[in-house]
Each structure stands twice: as C-alpha cells, then as structure tokens.
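The values are calculated or read from the model by the stated rules, or taken from the named source; none is laboratory data. Quantities reported herein were computed from a predicted structural model and do not represent experimental measurements. Virtual Cβ from ideal backbone geometry, glycine too; neighbours counted across all protein chains shown.
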Amino acid sequence: MPVSDQGATRERYLLVPRTAIFVRRGDEYLLIQGAPTKRLWARKYNGLGGHVERGEDALSAARRELDEEAGVRAELWLAGTVIVDAGEVGVLLFVFIGENVQGEIIGSKEGIPQWVKKEALSALPVVEDLPVLIERIHALKRGDAPFSARSYYDENGALKVIFEN
C-alpha cells in the first residue's frame, strides 16, 4: 500500500511514538530523577525512555534509551501501550518492563538514574502518571497480556489514566 493510502492526514489524530521503561528488581524500580535543566519534569522522578526515532521500532528505541540514560542493558518486554491525548497531536507510549539489569548505572544529561522502592514513591516528586503506571505494571509477570490505556487531561487540568483491560 503506498504512503498516500495510509490515511495519515491532518483531519485524523496523529501520534508521536515514545517509550517508557521500568526496570525492576523486586520492589525497586530504576527511575530517573530529571536534571534541573530539563524543560519538562525537572527534578521529578520518571521511568527511563524517550522518543522512537525514525527508522527504529519501539523495542530498539527502548534499548537505546536505557543505554543512553542509564548506561545499562536489561531484558525488556512490552507491558502495554498508552495513548496520551495531548490535543491535535498525541503520544503513543510503549511501556516496557525490564528485568535482569546488566552494567553499571551512570547518569546522563537527562538526569540521575537510581533504584527507588515502590513504597517510597508517595514521598517523592514524581511525574503525574508514574504512580498509576507503577501500580499497574508491578503486578505484571512476563507472559501476561499487555495492557491498553489512554490518558487525557480533564476540565480541571488533572491527568486521568483509563485502563481498558
């Protein structure tokens, strides 16, 4: 099918692909505290990840981001997808779980990666959807079906995340 037949037009919803990686070790997660110079999420804790670059698939992008942001490798598997409604252009977030981390953790210009206990999240400055995503992926085991979710901002500007399964 030619590109012209794909149906990607301004009249349709367009999505930017991104990855979010949650490497876990028991009840701990490798999170990144955003650098103070970041435009978005400065000093806030988040999963590792970023944009899927042209020519990459989501898994390759997740592996690259994990290496760039933390200097490590891990066994990654798709935990789910989240469509983030951000107006005319949204985000398609591929959420990966990582296990069996290899390598020495190093920081980057993005921030400082560190192991954080799940129960410590409530006392930390976090990106607003992090607690609900961690809660959802914490119970997942390798081989479980990936979840599907959407998120949007309500009329008061609060982020809502709705899981479909």
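Quick notes on this one:
- Pair list, Cβ under 6 Å, 6 or more apart: region 1-23 residue within 30 Å of R142 (Cα to Cα) and among the basic types (K, R), other residue at pLDDT 65 or above and part of a strand (DSSP E or B): R18/H51; R18/V91; R18/L93
- Unique match (being of a type in the set (A, V, I, L, M, F, W, C) and modelled with pLDDT under 95) among A74, A79, A86: A86
- Restricting region 111-152 to residues that are of a type in the set (D, E) and in contact with a strand residue (DSSP E or B) (Cβ under 6 Å, 6 or more places away or on another chain), the residue that is nearest to P36 (Cα to Cα): E128
- Set side by side, the residues G111, G157, G87, G103 differ, and just one is on the phi > 0 side of the Ramachandran plot and crowded, with 18+ Cβ neighbours inside 10 Å, which is G111.
- Test: A61 is in contact with a Ser or Thr (Cβ under 7 Å, 6 or more places away or on another chain) and part of a helix (DSSP H, G or I): yes
- Region 114-153, subset in contact (Cβ under 8 Å) with a residue 60 or more places away in the chain and of a type in the set (S, T, Y), residue surrounded by the most Cβ atoms within 10 Å (Cβ to Cβ): S151
- Where strands (runs of 3 or more DSSP E) fall entirely within region 80-164, those with at least 3 residues that are among the hydrophobic types (A, V, I, L, M, F, W, C) and either within 14 Å of R24 (Cβ to Cβ) or in contact with a helix residue (DSSP H, G or I) (Cβ under 6 Å, 6 or more places away or on another chain) (or both) are at 89-102.
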